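Asker: What follows is a structure written as structure tokens; I'll ask about it next.
The values are calculated or read from the model by the stated rules, or taken from the named source; none is laboratory data. All values derive from a computational prediction rather than experimental measurement. We place every Cβ from the backbone using ideal geometry, glycine too, and count neighbours over all the protein chains shown.
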Amino acid sequence: MEASAIRAAIADAARVVVLPEGIPKLTCTGYVPDAVVAPHFFCGEYTVDYDKAMGRGLDVVELTCRVLVGRADDRASQRTLDSLLAGSGPSSLKTAIEAARGAPGDYALGGLAHDLHVMRMQGYRWYEHNGVDFVGAELIIKIIGEG
């Protein structure tokens, strides 16, 4: 699996979320950006467990992604973040990203991986990114594919 291509495909999948009226469109990158236009989703750190099957047959990646929302209004910002972190619905990042799994029997992310799963949300808190404060959280995504 090529990390850059996987991260770009995850960002592309996240772009399809539909935020409530009046909320700016979610911007997404497959890398850690210098500056963030909120609300913003990006792929950050990742770990790779190599050789989970013989002959470089399978690697397992855990990708940490962050979603950051501007803090013009504390309550409204957290409502927006909550809608992005919901387990389902049109604003759900989990739903949008897992849709990139493809149909049963298909490879995920347009053939880049065998499968993926948004495992958990963590770190719901205030984040500083390049000197600007945001409310945000992390999504941990498990991706499996050929080594």
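Asker: Check off (1) of a type outside the set (Val, Ile, Thr); (2) closer than 20 Å to residue 129 by Cα; (3) surrounded by fewer than 19 Cβ atoms within 10 Å (Cβ to Cβ) for residue 43 and give me the number that stays unchecked.
Answerer: Tallying (1) of a type outside the set (Val, Ile, Thr); (2) closer than 20 Å to residue 129 by Cα; (3) surrounded by fewer than 19 Cβ atoms within 10 Å (Cβ to Cβ), residue 43 fails exactly one: (3).
Asker: Hey, could you check region 1-11 for residues that are farther than 23 Å from residue 127 by Cα and free of Cβ contacts under 8 Å to residues at least 60 places away in the same chain and say which is surrounded by the most Cβ atoms within 10 Å (Cβ to Cβ)?
Answerer: Applying the first criterion (farther than 23 Å from residue 127 by Cα) to region 1-11 yields 1-6, 9.
The next check asks that each one be free of Cβ contacts under 8 Å to residues at least 60 places away in the same chain; those that pass are 3-4.
Details: 3: 14, 4: 10.
Per the stated criteria, the residue is 3.
Asker: Got a number for residues in region 16-31 being under 20 Å from residue 141 (Cα atoms) and either modelled with pLDDT under 95 or surrounded by 14 or more Cβ atoms within 10 Å (Cβ to Cβ) (or both)?
Answerer: First pass over region 16-31, keeping only residues under 20 Å from residue 141 (Cα atoms): 16-17, 26-31.
Those left that are additionally either modelled with pLDDT under 95 or surrounded by 14 or more Cβ atoms within 10 Å (Cβ to Cβ) (or both): 16-17, 26-30.
The qualifying residues number 7.
Asker: Picking from 91, 77, which residue would you name as being surrounded by 13 or more Cβ atoms within 10 Å (Cβ to Cβ) and part of a helix (DSSP H, G or I)?
Answerer: Details: 91 fails: part of a helix (DSSP H, G or I).
Matching residue, one of 91, 77: 77.
Asker: Filter region 123-147 down to the residues that are of a type outside the set (A, V, I, L, M) and more than 21 Å from residue 33 (Cβ to Cβ), then identify the one that is nearest to the chain's Cα centre (by Cα).
Answerer: The first filter runs over region 123-147 and keeps only residues of a type outside the set (A, V, I, L, M), leaving 123-131, 133-134, 136, 138, 142, 145-147.
Keeping just the survivors that are more than 21 Å from residue 33 (Cβ to Cβ) gives 142, 145-147.
On the way: 142: 11, 145: 18, 146: 21, 147: 22 Å.
Across region 123-147, the extreme among qualifying residues is 142.
Asker: Could you count how many residues in region 87-117 are hydroxyl-bearing (Ser, Thr, Tyr) and in contact with a strand residue (DSSP E or B) (Cβ under 8 Å, 6 or more places away or on another chain)? Let's see the steps before the verdict.
Answerer: Kept after step one, since they are hydroxyl-bearing (Ser, Thr, Tyr), are these residues of region 87-117: 88, 91-92, 95, 107.
Checking the rest, the ones that are also in contact with a strand residue (DSSP E or B) (Cβ under 8 Å, 6 or more places away or on another chain) come to 107.
The number of residues fulfilling the criteria is 1.
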